[in-house]
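The values are calculated or read from the model by the stated rules, or taken from the named source; none is laboratory data. Predicted model, so just to flag it, every value in this text is computed and none were measured. Cβ coordinates were reconstructed from backbone atoms using ideal geometry, including for glycine residues, and neighbour counts include every protein chain displayed. Areas reflect the complete protein model, heavy atoms only, side chains present, ligands, DNA and RNA absent. Shrake-Rupley method; radii C 1.70, N 1.55, O 1.52, S 1.80 Å.
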Amino acid sequence: MKTFILHIQSATQYTPVTNVTSFVGADPSGSFGILAGHARFMTALNYGLARYQLHDNSWYYLAFPGGILYFLDNHLYISSRRFLSDTDYQRISAGLLEQLLAEETELKKLQDSLCQLEQEMFRRLWQMERSGTHL
């Protein structure tokens, strides 16, 4: 069976995987698969799970917050801010959910902070207007 090399990379991690026989992922157009010998291909991956199979028929799951996929000359490159990899679907699904909730919490904090900053700016502008101070 023909194989290819998978290169998974983030800002802090790089994992090369040899003897990959297939990859299944999803982009905005839907799910797709890649086998060895696939034509040159590039797409933006959705947030979520993907999977790949090795020559020994074992499956591995990848979780990531979206990313870029590029396939050329039997090398599949996936670049993402970060990723998780595991053979256990339940464990990686829980890890993905945990990451999603943590990101949601951080995003909410950031939005709250920006809202407070905006309110403070408007309050100061209003005070400057009332006092006749000009920029």
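Computed values, structure above
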item	result
Scattering curve values for the range 1-134, log₁₀ I(q)/I(0), Debye with Cα scatterers, q = 0.12, 0.15, 0.17 Å⁻¹	-0.55, -0.74, -0.89
Summed residue charge, Cβ within 14 Å of Phe122's Cβ, Lys/Arg positive, Asp/Glu negative	0
Value of D in µm² per second that Stokes-Einstein yields for the range 62-114, Kirkwood Rh from Cα pairs, at 10 °C (1.306 mPa s)	123 µm²/s
Stretchable slack from Ala94 to Glu106, in nm (0.36 nm times residue separation minus alpha-carbon distance)	2.5 nm
Spin-label model distance (nm) - Thr12 vs Phe32, 7 Å beyond Cα toward Cβ	3.0 nm
Folded to 0 to 90 degrees: helix 89-131 orientation relative to the chain principal axis, Cα	20 degrees
Average accessible surface area per residue within the chain, 1.4 Å rolling probe, Å²	66 Å²
Accessible area of the chain belonging to carbon and sulfur atoms, whole % at 1.4 Å probe	56 percent
In nm, spacing of pseudo-spin labels at Leu125 and Ile68 (7 Å Cα→C-beta vector)	3.6 nm
